[in-house]
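The values are calculated or read from the model by the stated rules, or taken from the named source; none is laboratory data. Everything quoted here is computed from the prediction, not taken from an experiment. Cβ atoms come from the backbone with ideal geometry, glycine included; neighbour counts cover every protein chain shown. Accessible surface areas use protein heavy atoms only, side chains included; no ligands, DNA or RNA. Shrake-Rupley method; radii C 1.70, N 1.55, O 1.52, S 1.80 Å.
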Amino acid sequence: MHGTQDPLLIMIINMAIVFAVLFGLSLVIRVIKYINDIVYESKKTAAEGTATVVKPAQAPASPVPVAVPAAAPLDMENKTLVAVITTAIMAYGYKDVKIRSITKKA
Amino acid sequence: MHGTQDPLLIMIINMAIVFAVLFGLSLVIRVIKYINDIVYESKKTAAEGTATVVKPAQAPASPVPVAVPAAAPLDMENKTLVAVITTAIMAYGYKDVKIRSITKKA
Amino acid sequence: MHGTQDPLLIMIINMAIVFAVLFGLSLVIRVIKYINDIVYESKKTAAEGTATVVKPAQAPASPVPVAVPAAAPLDMENKTLVAVITTAIMAYGYKDVKIRSITKKA
Amino acid sequence: MDGFFGAFAVAIHAVWSDSGYFVMNMNNIIMMIVGAVLLYLAIGKGFEPLLLTPIAFGCILANIPNNGFDEGVMNAISMGIHMEIFPPLIFMGVGAMTDFGPLIANPNTLLLGAAAQFGVFVALYGAMAMGFTSSQAAAIGIIGGADGPTAIYLATKLAPEILGAIAVAAYSYMSLVPLIQPPVMRLLTTKKEREIQMGQMRHVSKFEKIVFPIVTTIAISLLLPAISSLIGMLMLGNLFRESCVTDRLSDTAQNALINTVTIFLALGTGLTMSGDAFLKLATIKIIVLGLVAFIVGTAAGVLLGKVMCYLSGGKINPLIGSAGVSAVPMAARVSQIEGQKAKPGNYLLMHAMGPNVAGVIGTAVAAGTMLAMFGG
Amino acid sequence: MDGFFGAFAVAIHAVWSDSGYFVMNMNNIIMMIVGAVLLYLAIGKGFEPLLLTPIAFGCILANIPNNGFDEGVMNAISMGIHMEIFPPLIFMGVGAMTDFGPLIANPNTLLLGAAAQFGVFVALYGAMAMGFTSSQAAAIGIIGGADGPTAIYLATKLAPEILGAIAVAAYSYMSLVPLIQPPVMRLLTTKKEREIQMGQMRHVSKFEKIVFPIVTTIAISLLLPAISSLIGMLMLGNLFRESCVTDRLSDTAQNALINTVTIFLALGTGLTMSGDAFLKLATIKIIVLGLVAFIVGTAAGVLLGKVMCYLSGGKINPLIGSAGVSAVPMAARVSQIEGQKAKPGNYLLMHAMGPNVAGVIGTAVAAGTMLAMFGG
Amino acid sequence: MDGFFGAFAVAIHAVWSDSGYFVMNMNNIIMMIVGAVLLYLAIGKGFEPLLLTPIAFGCILANIPNNGFDEGVMNAISMGIHMEIFPPLIFMGVGAMTDFGPLIANPNTLLLGAAAQFGVFVALYGAMAMGFTSSQAAAIGIIGGADGPTAIYLATKLAPEILGAIAVAAYSYMSLVPLIQPPVMRLLTTKKEREIQMGQMRHVSKFEKIVFPIVTTIAISLLLPAISSLIGMLMLGNLFRESCVTDRLSDTAQNALINTVTIFLALGTGLTMSGDAFLKLATIKIIVLGLVAFIVGTAAGVLLGKVMCYLSGGKINPLIGSAGVSAVPMAARVSQIEGQKAKPGNYLLMHAMGPNVAGVIGTAVAAGTMLAMFGG
Ligand code: NA
Ligand code: NA
Ligand code: NA
């Protein structure tokens, strides 16, 4: 191939490869979706069936996952909280307060 | 030493050095504390004895210290301000506001 | 010149060049001002004379300005907000406040 | 005293005769005017200012004679260009800023992203017909891909001697997308087609968004290893974004890092635009070919959009096809605007984002195929 | 037309036979799976995601055949690793983020930081017994120090051929600290010991906090010059933090700069994990030795904690000893959690921060002694 | 057991005899004390802390024997200094932070910025008279320009052997401007002159602010190509600021990028201050000449201010002349303070900003003329 110098041929070959690769990628995305649905379905089923059993069993063993979900949704709450607390502290008499961060310790 | 290949000897030598160095560092910290206490004590004494004499004499000679305290208290004022404004904005209906900076133009 | 080693001569030559360059630059600035005034005047005149004709004609031809106002309204809300707050702060006693940005967190 | 004034005059004369005013040729002057025009377009007209401003400034600096840029910071920046360091870093930031959700929701839009690459190959064909070498033609064609970093990456590898012209053409046309595309789009579609409203997009799960960059990296890099650093960095940046546990890295990738690299890349690109290298007939050819590539790419995207519209029973608005040339997010906005002109309330933006980001991948793939054919 | 299809087939075949799919060997596939597993641990499980994510991604990219990473940005990143540029810069950011106050308030905790290095030397012993060279054994041992940058720095200097395995082991175990340490801690302490509440810490003056990094730099660098760039940068970052007059520099050191360098360091570390270099028996040995080092280090810290508890008349809770392995601030949090489990309301975190940051210095010192013995 | 203790003793002795404590000479000790004093000035007294802190720390590290800084990150930083990469990048940030409005409003202030360079050339004269080579004398003279990056840039090009002393002198005197200038200013002006109130400044249009950096770059770079990277970067940064369409780039240039480069430049400058290179009679001469340059520059600025005051019929307060030495914005503040001391409510700050930023350009021009005379 490296020897081909016919512009038309080059054009067609390249275009064909680009289409093939992107079409292949679209198949890959469909496969991901398929796996996602399987995993999601099985998880949902599992969650319904074993939720009360699994969770307490896992909780003491792994403190990490406990920390993660706690952090995400709280982010926005925290900011509101910071403002509220700042105001409260200022009402308390401190004049120059800045709250750098409110961290929930795991 | 560079020739030693006895693992046990290497282990003991290294461990001994690590302990020695960190123990030495703990002594260094104690010395810093000791100096700190001396300096702090002498400063407190000096401040009590000469405060009214020294300060007016120095003030006109060095504008730098004048500039620095000028900046510092303002900074703290600003922080109060940010908190006040944040609250005000939130009252205005915006829920998740963050004021990056309030700049005074020179 | 590269051979000159008389310090006094070097000093004078350099100083002369520096003065000449910065004086030249001051002339350049005056020229910019002069052009600015011409452009500004002609624009003002043109705007007065042809405003009603040009604007409707151009509008459909260029979608870019359409895109800009799409982004702008939110931006303008913020600016209004900034202005409101700035006024509030100034009422509070601060004279030269500039709020760099108010960020809404998603 | 006479000796003094004599020495003084000699010195002044020496400075003057060493200065650029004395040595400067007509090409330098023209290029400074080119730089000034680009600055006007960037700042006065708002055409891709983040890139055209430093490119234009670099163009001006490159035409200062005896500027000594063979050492110092300008040399370091030029080396960064020459060593292909900057484009992948920009792509990491782009990845961190890109939401591939619309593409994942509707993978068919990848085909629109592929179709829009037709412009690349038509320009390649034209360039070869005009007498450019195949390597140069490939680098010229990529202008039609409307992805600056990819164009610079490919030009650096295949035809560094025309890097300046390619970069300027690419960024100029990218900024002109709102002017170039609409006529083509209206010419090739009926009003009825433009009025088609597209349904709500399906929800894309976090799992899909995280797996997508990983699998895409592997699948494409294995096939086209020559672009593995481009695709890899693009997808690593996207993974930083979607993983939700590396926000620090995502934030730096899409701010401090990409901004710094943008300054260097754009300034360094401008530095290649010395008058003697730029002011050639080839440059005009490149600029013309670039425009052809843009128009053909837009048309190919719209035409495949029409085909998909027909095949889907009228569910797909062909206007989203033109977004496949990338120029993120401007081309998608053009689709949105044209859709709304045909029917107020027609909201195509999210649907056009699919082909839009597909076009980024498509252009990288096109670069990969051309590197596989012409590269080292 | 026949010639056309013939040429077409030849071209497609050429692309395919140049591609990674054709050349890839089993080792590459295994390493991609390893990369995917590491990504799962990083993103799905939250194990040190800032480091494991780019390491894992680099691991995948490194196993794309013909990826051309001997030039371009990936080569530049690998050179940065090879030239030992990144770890000290990371340490500058770490210093800017670290409060040495608890250590200064209670300098005895430095001894806990020293004790926890016992794991380093046990692993070194084990590695030499297993047949590793003394340089490799030193680099393996340092995994037990639980300081990624120090481990990478030492491995680059002494045994670059096993850098990938060492980095992965170090960061993996660091993320597993909450799983590895608690059993060891409970095994070696009585409930009564774990219930000990520690008094309020003394106030540390600004003077002490500013003088500490300066004097520490001088004292340790003079004794162990081989780590002067590590200790120097750590303490310079800390000085930026504590001086209160260089906030701009402190801010950049702990944000844009450390994030950028983290991306490069971690990605570059991952790039060393090509299948042929990684998939050896040695790697498994390294991973086992790393685990031993972690466990022994934890145990040694707790045991010295017990001694100090006894000597202090029961004022020191031995649980803070395990924090001496560093892995800041996770190990300190583990101490806190275990203390609270034994007695709700028992607040050990600040006290555990002393040994925790002492462990960073201790591991740097251990690296220095080993460089003095085996380096250069 | 005897063999064990023997080997142990040998090992400890070997570590000790390799350590800096054993090898260190008196010069190293003196330089560490110099470093500590500089740290005290920076942190305790607030003298240019952003620069003196890393310079002083670098000075300490440079005097650790066997520190191995001929490789690793410290070597990379030193190479960045040696290759003249950092000063132009700092200037880009400075440009992004600088408002040239007051200068454009009153272009006569450029002459005050020129006059203040007189100190540069007097020091050059003095240095040549003292036996320095003309290149060294030029580098020493530039201290009087009160622009750190320009001084480092010129010293790197003309006399790298005295870079450390020049940088320390430049930044020290810059921080001492509030002490050095006022006596000179009061000596040369009458109270009546100091009481002069200056009228409101004219409005400067956005057009002028955008065109100024472009035209200045071209005009000055053409005449003095040797400083085109300095002037170019300064003005590119200013263009990022004034164009209002490149805020991302302006923000990074004046934050993450300038902070990172400041750390590297200042640390690398400190690293040149090894005892053997620094502790020479020449250093003392340089420090004395630097002070002379500052005083003469201040005086020349004030004296030309008096002339302009006279020519303008008393509309110009001569106090703004001293701001021409740059040291932005400190020298302008000194003018303001002295004006207010003479007459409360006298507001000179904005008027002094004109000569102040003119001084930056003036010093760059002075460096350019000297490079034209003595450079390569
Ligand atoms: Na594209
Ligand atoms: Na450690
Ligand atoms: Na100056």
Whole-Hz Karplus couplings 3J(HN,Hα) for region B:31-43, θ = phi - 60° and coefficients 6.51, -1.76, 1.60, Gly and Pro as x, run 5, 4, 4, 4, 4, 3, 5, 4, 4, 4, 4, 5, 5
Helix F:349-374 versus the longest principal axis of chain F: what angle, 0 to 90°, nearest 10, using Cα atoms?
-> 60
Per residue of E:116-122, other chain Cβ atoms within 10 Å number on average 4
Label F:Val37 and D:Glu195 with points 7 Å out from Cα along Cα→Cβ: what is the distance between them in nm?
-> 8.7
List the distances, in nm and shortest first, from the label point of D:Arg186 to the matching label points in every other copy, placing each point 7 Å from Cα along the Cα-to-Cβ direction.
-> 7.5, 7.5
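Using a 10 angstrom Cβ neighbour count of at most 16 plus a DSSP loop assignment to flag exposed GluC sites (Glu not before Pro), which longest range of chain E is free of such sites?
Longest run free of exposed loop sites: E:196-376.
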Residue of F:Leu265, F:Leu110, F:Leu319 that the Gaussian network model of chain F assigns the largest fluctuation, springs spanning Cα pairs under 10 Å | F:Leu110
Going by a ≥ b ≥ c, the root eigenvalues of the Cα gyration tensor, does region D:221-315 fall in the rounded group (a/c under 1.5), the prolate group (a/b larger than b/c) or the oblate group?
-> oblate
When chain D is turned about an axis onto chain E, which of its residues keeps its C-beta closest to that axis, and how many Å is it?
-> D:Ala256, 2
Links that overshoot a 24 Å alpha carbon limit, given the list E:Lys209/F:Lys285; D:Lys45/D:Lys343; C:Lys43/F:Lys209 = E:Lys209/F:Lys285; D:Lys45/D:Lys343
Heavy atoms of F:Arg186: accessible area, 1.4 Å probe, square angstrom to 10 = 100
Diagonalise the Cα gyration tensor of region E:174-262 and give the resulting equivalent ellipsoid semi-axes, square root of 5 times each eigenvalue, largest first, whole Å.
-> 32, 20, 17
Qualifying chymotrypsin sites (Phe, Trp or Tyr not before Pro) for region E:149-248 [loop in DSSP, other Cβ within 10 Å: at most 12] = none
FRET efficiency estimate (nearest 0.05) - Cβ-Cβ, E:Ile29 to A:Asp37, R0 22 angstrom | 0.25
Over chain D, the sum of -39500 (n - 2.57) across DSSP H runs of at least four, divided by residue number and rounded to 500 deg cm²/dmol, gives at 222 nm -23000 deg cm²/dmol
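Which percent of the Cα-Cα distances in region D:174-226 go past 17 Å? If you can, show how the numbers build up before the last one.
Working: 936 of 1378 pairs.
Summing the P(r) of region D:174-226 above 17 Å gives 68 percent of all pairs.
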Among E:Leu52, E:Leu348, E:Leu223, the residue with the largest mean-square fluctuation in a Gaussian network model of chain E built from Cα contacts under 10 Å is E:Leu223
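With a 1.4 Å probe and all protein chains kept in place, how do F:Ile214, E:Ile143 rank by accessible area, largest first?
Values: F:Ile214 25, E:Ile143 0 Å².
My answer, sorted largest first, is F:Ile214, E:Ile143.
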Note down, for region F:233-376, the three equivalent ellipsoid semi-axes (square root of 5 times each alpha carbon gyration tensor eigenvalue), biggest first, whole angstrom.
-> 30, 25, 16
Nearest-10 value in Å² for the accessible area of D:Lys206, using the 1.4 Å probe = 110
Can you bin region F:79-374 into rounded, prolate or oblate? Criterion: square roots of the alpha carbon gyration tensor eigenvalues sorted a ≥ b ≥ c, rounded for a/c under 1.5, prolate for a/b above b/c, oblate for the rest.
-> oblate
One computes Rg over Rh for the protein assembly as shown from alpha-carbon atoms, with the Kirkwood Rh, and obtains 0.97
With the Cα gyration tensor of region E:45-203 giving a ≥ b ≥ c as the square roots of its eigenvalues, does the rule (a/c under 1.5 for rounded; else a/b larger than b/c for prolate; else oblate) give rounded, prolate or oblate?
-> prolate
Per-residue average of Cβ from other chains inside 10 Å of D:202-209 = 4
Quote the FRET efficiency, to the nearest 0.05, computed for E:Ala129 versus D:Asp99 with a Förster distance R0 of 41 Å and r equal to the Cβ-Cβ distance.
-> 0.15
Pick from D:Gly313, D:Gly145, D:Gly270: which residue has the top mean-square fluctuation in a GNM of chain D where Cα pairs under 10 Å get a spring?
-> D:Gly313
